[in-house]
Structures are given as C-alpha cells and as structure tokens.
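Everything below concerns the one structure shown next.
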Amino acid sequence: MKAGGFRAYRFWLPEGQEIPMLDSGFMTDRSDFLAAATPDAKRLSELADIDCLVLIGEPGLGKTTELKAEYRRVNASLREGDHALLVELGFTRVASELEERIFGSEEFEEWRAGEGRLHLYLDSLDEARMRLETAAKLLIRGLEDAPHQRLVVRLSCRSADRHQTLENELSGWFGSERFEVRELAPLTRSDVEAAAKAEEVDPENFVGEIIASELQSLAMVPESLKFLVGIHRESGSIPTRRSDAFEQGLKLLCREPDEDRRIGQTSPSSRMAVSARVAAATMLSGRSVIRTAPGTPGPDEATLAELAGGHEIDRHVGVERNLDIDEAAVEDALGTAIFAGAGAGRSRFAQTSHSEFLAARWIADGGLSARQRDDLLFGAATGRVVPQLREVAVSLAELSPEFEAMLLDRDPLVLLRSEPRGLDNGGRERAVEALMEGARDQARSSPTRPIHLGHAKSPAI
C-alpha cells in the first residue's frame, strides 16, 4: 500500500497459514509476527526460486498492486533473451482476444522460439469477463505444451474464486518444488498508524476509533483503509459500517480539490449517481471499458451514447432530485478519481471493488425490479450467484435487508464473504450450516484445499 509518504512492505504466507490477530483485533505486528508466528512469510521478491505461484487474497487487499510492482521490478532487470508479460485477465469477455493477448503476443512467441525465460504475470483470474471455466480452460490449453522449465508464472485470484483444475494442472507441470500457493497478509496495526500519520491524521485517535467500532477488518485492507483515513481527515470521525465507508469514501473521490471551479456542473453526489449507473451498465453486461473517442466500439466497450439517456434519482441528498443523464454528465463522472485511463479515448474503473459497490448501490436504489435483479445475479442452472457478481451481491446484501434475507435462503455462503451485521444469530447459524455443508462437499472433491471462513461469527461456533 502506498499513501502519501507511507509505504507498507507486504508479505505472502503459505497457503492455510493461520494469521494471528492478537493486537486488539489487528494482525500481530511484524516485529513479532515474522520472527515467531510465521517464519515462512516472504515478500514476493523473496519467492523468486518458486517458478509458479498462485497468489490469493481477499478483495481490495492489494494483490494487483503487488503483482504489478513485481512485474516492473523483474522487467527492469531482464537478462538477454528473457521476456516479461503482464496480462489483466479481466480486460475482455472475448476468449479469442484474451488468447491472442497472451499466446499471440510478441513476448510469448519470441520466448517459444528462443532459449530464454518468460516471466508471465496473469492478474485477477476472478475478474475474467468470460465464464471462469472458459478462462481456465484457455490458460490450460495455451500452456500445456509450453516449455515449463523456462517459464515463470504468477497468477493472482481472490481466495474464494480459485479454479482447482487449473491449479492442479500448474502443480503437475511444475512439480511440488516449483509450485506454491501464497496468500497476501493484511496490514498490521503499525501499518494503519503509519498510513494515518502520513495523511496528517492523529494515529492514536484514529486507531482507537477503529477498535471501538470493530472495523479492524476494514482497516487492514489497503483500499478501505484509504477511505477510512480520508473520511476521518474530512470529518474527524469514521463510519461504523463497511457500506458507509465505501459510500463516503467514493463521494470524496467524486470531489474536485476546488469545487467552486465546478459551478454550473454536477455535484459530487450527482457524479456518484452517474458513476453508479456506469458501474451497473458495465458490470452487469460483462464490459470493462468506457469508450469516449469516436469510432466503432469493441465488444468490451460501452459508449457514452449507451450510458446516457433518461434520468437517475439522486436519493443520497437532503431532497431527492431527478438527474438528466446526457453524455456530458457521463464524461463529467469519468473525470473523477473513481475512474482511470484505459488508453486513448477510453476509461475504466480504477478499482474493481469500487465498481462492484456502485453497481450494488444502483440496484439498491431501485435501478432494477426484484425479478430483473434476480435474473442477472443468479445463474439459471445453479440458482446461485454468478461468480463474477458475488462481490456485487455482498455489497447489495449490506445495503438491502430484503436482499440479504433472500440471499440467506438461496446462496448463504456468499454472505460469509461480507460483514453481515444485519443477520441475527439464527441467520448466522444458517449461513455457517451452509458453509459446513459446502466444506463437506469440497472435502470430498478437493481434500487438501482450505475453506475460507470470511467473517463468520456466531455463538454457535
């Protein structure tokens, strides 16, 4: 994590390593943590002797940041004949385009024809816009006959969305001594204090409020920590719920340094409403890029004309108001820090967690009927939440008690990825029962794979 002058040095734990949370609910600090609790914790650069790493972690924890930093480090010091390739697996929903980006790339083809090593960085398998099964099969097909002795792979994925068949294939190709699964450790209390101090927020007071509100799980995640620090700097206090932290934090990102210069244009609240529409339109259609330049859009691009039209209701102000959504309003929202460039004349959400929350916000504000919502979020064959939309469902459950209750009946395991403060003990017990049933099913098919409990808490366990 990097915030102002603060830089946290992140560590990766062996798969299944228990993380001690003995520092007032924070992960035990690094001075004790590395020496005593988990001596096998390593920085990514210290794992260079492991040719194939599957890098897992919870949403917003910083997997992409770490992967890209390692790619830049390695790419800057390549030996003659070696190559490095970084691919975001969520950049397209078209299998042939993903295949071409990886296996048709200049780096891959030159490597196959040469004698050097290829350092292949595959980011965010869980964010693949196509079916996860399709993306996994594509990778298996493209890598199965590759010269594995000259290949280095780094594959990142959210903990709950791993693909066991792909991991089994990778393990078989590389062998047990060259293959590992590592999990990104969260931030420690001293990291949180340093982040607050770097932003001129009193660290003792800030951490004290975190502990009093039982928000350690948010503070230990870089993305939500940034929100908490920003909100505290702005208001002098922090929210007590994850959804409120995202709501207030994203609204800060919709502000300009000098709002007086935006007279006559939309307010931060209005930009947030437009951004929520954009998030829903892209997330629910499997697209990842907003095209602002003239020309024919690609299959993964939404145009300004498609996103504009009609109106939205801004319900997050003192008095509800209708917002006419034209192309200028969409462009105004795209100019906020919620979005980032994706090439000339193209934009995308800077963080997937932002788009997931905003899409849920749009649905919760009445963007879809209950039937439309369920048709989009739940797979027809399984009756469970579509894998790519699980985090949307998590955020929606936090925003809508009605949806949370329905999700408890249809796919309760998803609730264990969230902080279900609305669930009573009976509801938590039902969710945990579903978890245990899922664990029994998984133990029969994948006995060595760990179960991620998320935020399960209940007096019954």
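Mind telling me which of the residues I50, I140, I102 ends up being within 19 Å of S171 (Cβ to Cβ), modelled with pLDDT of 95 or more, among the β-branched types (V, I, T) and surrounded by 17 or more Cβ atoms within 10 Å (Cβ to Cβ)? Within the list I50, I140, I102, the selection yields I50. Scanning segment 120-151 for residues being in contact (Cβ under 8 Å) with a residue 24 or more places away in the chain and either part of a helix (DSSP H, G or I) or more than 29 Å from S355 (Cβ to Cβ) (or both) gives a total of 19. Checking the stated criteria, V192 turns out not to satisfy the condition of being in contact with a Cys (Cβ under 6 Å, 6 or more places away or on another chain) and not polar (S, T, N, Q).
Here the helices (runs of 4 or more DSSP H) wholly within segment 195-304 that include at least 3 residues being at pLDDT 90 or above and out of contact with any Lys or Arg (no Cβ under 7 Å at 6 or more places or on another chain) are 203-212, 222-235, 242-253, 268-283.
Condition check for A212 on (1) surrounded by fewer than 21 Cβ atoms within 10 Å (Cβ to Cβ); (2) among the hydrophobic types (A, V, I, L, M, F, W, C); (3) within 24 Å of the chain's Cα centre (by Cα): one failure, at (3).
Conditions (1) crowded, with 17+ Cβ neighbours inside 10 Å; (2) outside the structural domain of G90 (by TED's automatic domain parsing); (3) touching a helix residue (DSSP H, G or I) at 6+ places or on another chain (Cβ under 6 Å); (4) closer than 17 Å to A279 by Cβ, marked per residue:
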position	(1), (2), (3), (4)
G309	no, yes, no, yes
D314	yes, yes, yes, yes
D324	no, yes, no, no
V330	yes, yes, yes, yes
L334	yes, yes, no, yes
A337	no, yes, yes, yes
A344	no, yes, no, no
S347	yes, yes, yes, yes
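When restricted to residues that are farther than 9 Å from L166 by Cβ, of a type in the set (K, R) and in contact with a Leu (Cβ under 9 Å, 6 or more places away or on another chain), segment 123-142 contains 1. Of the candidates R141, R158, R154, R117, the single residue that is under 17 Å from L53 (Cβ atoms) and over 24 Å from the mean Cα position of the chain (by Cα) is R117. Looking across segment 187-209, just one residue is surrounded by 16 or more Cβ atoms within 10 Å (Cβ to Cβ) and free of Cβ contacts under 8 Å to residues at least 12 places away in the same chain, and that is P203. Tell me, yes or no, whether segment 89-97 has at least one residue that is over 22 Å from the mean Cα position of the chain (by Cα) and either buried (at least 18 other Cβ atoms within 10 Å of the Cβ) or modelled with pLDDT of 95 or more (or both). Looking for residues that are over 22 Å from the mean Cα position of the chain (by Cα) and either buried (at least 18 other Cβ atoms within 10 Å of the Cβ) or modelled with pLDDT of 95 or more (or both), one finds none in segment 89-97, hence no. Please verify whether segment 217-229 includes one or more residues that are farther than 21 Å from I363 by Cβ, buried (at least 20 other Cβ atoms within 10 Å of the Cβ), more than 18 Å from the chain's Cα centre (by Cα) and not assigned by TED's automatic domain parsing to the domain that holds P59. Looking through segment 217-229, at least one residue is farther than 21 Å from I363 by Cβ, buried (at least 20 other Cβ atoms within 10 Å of the Cβ), more than 18 Å from the chain's Cα centre (by Cα) and not assigned by TED's automatic domain parsing to the domain that holds P59.
The values are calculated or read from the model by the stated rules, or taken from the named source; none is laboratory data. Here the structure is a predicted model, which is why all the values come from computation and not from measurement. Cβ sites come from the backbone with ideal geometry, for glycine too, and all protein chains shown count toward neighbours.
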